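S.K.: For reference, the structure I am asking about is given below.
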Amino acid sequence: MIRRLLLFLSNRRWLRPLITRYPFSRSFAWRFIAGETSDTALAAVAALRRKGVASTLDLLGESVSDERAARRSAEDYLALLDEIHARGLESHVSLKLTQMGLDLDEAVCRANLVAILERAREYGVFVRIDMEGSAHTQRTLYMFTDLRREYEGCGVVVQSYLYRTAQDVEDLIAVGARVRLCKGAYLEPEDRAYQNKGDVDASYKRLTERLLDDGVYPAIATHDPAMIAHARAYVQAHDIPLDRFEFQMLYGIRRDLQESLAAEGYNVRCYIPFGAEWYPYFMRRLAERPANLMFVLRNLMREGRRI
Ligand SMILES: Cc1cc2nc3c(=O)[nH]c(=O)nc-3n(C[C@H](O)[C@H](O)[C@H](O)COP(=O)(O)OP(=O)(O)OC[C@H]3O[C@@H](n4cnc5c(N)ncnc54)[C@H](O)[C@@H]3O)c2cc1C
């Protein structure tokens with residue numbers, strides 16, 4: 001119930017200023033977001049690298065409202081790629097197609113993405129296309145598979161809660177695409193997605209096995225100890241070398257696990273979001289864990305009494 005409500009509110013623009021203006025929610029958000037500027041995010045990349053954890057940078061933003069905003073997002077990514085290169089840092093970037101204009105005009109979105117893929121190729125930076133709500137799945141996969149023919153240094157994301165993902169994974173394996181597997185973070189209807197955790201987890205395990213068997217350097221993106229234990233047991237039982245896949249986790253979540261897996265010799269990558277457009281991302285993280293919500297609400301009420 002709470003998860004559904006928070007995911008519903010994550011798309012409501014009117015709520016955004018109410019949440020983001022409170023100093024407490026800002027400071028709590030910094031647990032999950034590496035600040036609003038590329039300077040703080042790039043510092044996080046360097047700090048994680050010292051602990052043996054690699055990075056992918058996400059310049060927050062999604063569902064832009066006009067073509068100019070989409071173009072600005074692409075330019076911000078180009079500047080980010082320039083900075084990664086100039087500082088000699090190693091990091092992937094992750095982006096969302098609705099941030100590049102997918103909902104406005106597919107040609108605009110494609111042109112923005114191509115500009116980013118060109119610059120990323122020049123610098124040898126890998127680009128991951130995040131997966132958004134199911135209304136975007138088909139168009140995202142289509143644009144990805146089409147552009148991947150020319151730009152090999154990119155990958156996509158699939159979500160284990162969607163029924164369609166078993167077939168999508170087979171199709172992506174068939175073309176040798178690099179896939180990040182996650183559970184899925186959006187509000188989805190019963191006719192498209194598993195609704196209970198047991199089913200989502202069972203699907204996650206099946207897809208992990210398929211990707212570990214036949215995928216190209218899959219990314220197992222989860223903080224769930226049961227999913228991680230399952231992947232570890234599977235690679236051990238099937239003699240899959242540790243350099244054939246990586247674990248991925250989100251910035252600020254289970255840092256202990258990120259570091260301990262890296263220390264054990266697993267490839268681990270942290271997804272580092274940053275930027276001013278943090279409201280929807282923050283709400284999705286609250287939705288995943290009721291304890292986060294209770295903590296925020298208690299403190300907002302305290303601050304509300306003071307403001
Ligand atoms: C690297 C990465 C990239 C992702 N990219 C996408 C994407 O492109 N599209 C998409 O739909 N989703 C994406 N997600 C989000 C994903 O779909 C899940 O919503 C999220 O990872 C929570 O699921 P879980 O696998 O950690 O398992 P869960 O069963 O949700 O959580 C397992 C445990 O992890 C910890 N945990 C999980 N979430 C939180 C939190 N917010 N705060 C504190 N602790 C937490 C808790 O200990 C919890 O018990 C991504 C996740 C990761 C790690």
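The values are calculated or read from the model by the stated rules, or taken from the named source; none is laboratory data. Model, not experiment: these values are computed from the prediction. For neighbour counting, all protein chains shown are included, and Cβ atoms are generated from backbone atoms with ideal geometry for every residue, glycine included. Ligands, DNA and RNA are stripped out before the accessible areas are found, and what is left, the full protein with its side chains, is counted by its heavy atoms. Shrake-Rupley method; radii C 1.70, N 1.55, O 1.52, S 1.80 Å.
S.K.: Top to bottom by accessible area (1.4 Å), largest first, where do Lys197, Lys205, Lys96, Lys183 land?
M.R.: Reading off the accessible areas and sorting them downward yields Lys197, Lys205, Lys183, Lys96.
S.K.: Rounded to whole Å, give me the distance from the Cα center of the stretch 211-250 to that of the stretch 258-297.
M.R.: After rounding, the separation between the Cα centres reads 19 Å.
S.K.: Please identify, among Leu104, Leu207, Leu113, the residue showing maximal mean-square fluctuation in a Gaussian network model of the chain using a 10 angstrom Cα cutoff.
M.R.: Leu104
S.K.: Quote the relative contact order of the stretch 17-131 in percent (integer), defining contacts as alpha-carbon pairs under 8 Å separated by 6+ residues.
M.R.: 25
S.K.: More than 20 Å apart: what percent of Cα pairs in the stretch 1-88 qualify?
M.R.: In whole percent, the long-distance tail amounts to 52.
S.K.: Output the relative contact order of the chain, whole-number percent, from Cα pairs under 8 angstrom with separation of 6+ residues.
M.R.: So the answer I get is 26 percent.
S.K.: By how many nm would the segment from Ala291 to Gln236 lengthen if fully extended, with 0.36 nm per residue of separation less the alpha-carbon distance?
M.R.: 16.4 nm
S.K.: Can I ask one more? What length, rounded to one decimal in nm, is gained on full extension from Lys205 through to Leu5, with 0.36 nm per residue of separation minus their alpha-carbon distance?
M.R.: 69.3 nm
S.K.: Another one. Report the accessible area of Met143, computed with a 1.4 Å probe over the heavy atoms of all protein chains in place, in Å² rounded to the nearest 10.
M.R.: The accessible area comes out at roughly 10 Å².
S.K.: Sticking with this structure for a sec: Choose one answer from Val127, Val200, Val93: the residue with the largest mean-square fluctuation in a GNM of the chain with alpha-carbon springs under 10 Å.
M.R.: Between Val127, Val200, Val93, it is Val200 that shows the largest mean-square fluctuation.
S.K.: What figure in square angstrom, to the nearest 10, would you give for the accessible area of His85 with a 1.4 Å probe?
M.R.: 100
S.K.: Mind checking the dipole of the stretch 1-60: about its Cα centre, +1 per Lys or Arg Cβ, -1 per Asp or Glu Cβ, Debye to the nearest 20?
M.R.: Value, rounded to 20: 280 debye.
S.K.: To continue, here is another question. What residues qualify as long-range amide H neighbours of Trp30, i.e. H under 5 Å apart, gap of 5 or more or another chain, H built at 1.01 Å from N?
M.R.: Amide H to amide H, under 5 Å and 5 or more residues apart or across chains, Trp30 pairs with nothing.
S.K.: Still on this structure, please answer the following. With every protein chain kept in the model, how would you rank Arg149, Arg121, Arg12 by accessible area, 1.4 Å probe, largest at the top?
M.R.: Arg149, Arg121, Arg12
S.K.: Please report the relative contact order for the stretch 69-211, taking Cα pairs under 8 Å with a sequence separation of at least 6, and give it as a percent rounded to a whole number.
M.R.: RCO, the stretch 69-211: 19 percent.
S.K.: Related question: For the chain, what is Rg from Cα atoms divided by 2.2 N^0.38 Å, rounded to two decimals?
M.R.: This ratio for the chain stands at 0.97.
S.K.: Given the chain, what percent of its DSSP beta bridges are antiparallel, to the nearest 5?
M.R.: Given both bridge residues lie in the chain, the antiparallel proportion sits at roughly 5 percent.
S.K.: Take the Cα of Leu257, step 7 Å along the line toward its Cβ, and report every residue of the stretch 184-199 whose backbone nitrogen sits under 14 Å from that point.
M.R.: 184
S.K.: Using the Kyte-Doolittle scale, find the helices of the chain whose mean hydropathy is at least 0.0 and whose Cα atoms extend 15 Å or more along the helix's long axis, counting only whole DSSP H runs.
M.R.: Membrane-span-like by this rule: 38-50, 106-123, 225-237.
S.K.: Is any residue of the stretch 31-59 close enough, with backbone N under 12 Å, to a label point placed 7 angstrom from the Cα of Leu147 along the Cα-Cβ axis, and if so, which?
M.R.: none
S.K.: Which GluC sites (Glu not before Pro) in the stretch 98-191 pass both tests, a DSSP loop state and at most 16 other beta-carbon atoms within 10 Å?
M.R.: Within the stretch 98-191, the qualifying GluC sites (Glu not before Pro) (loop, at most 16 other Cβ atoms within 10 Å) are Glu150, Glu152, Glu190.
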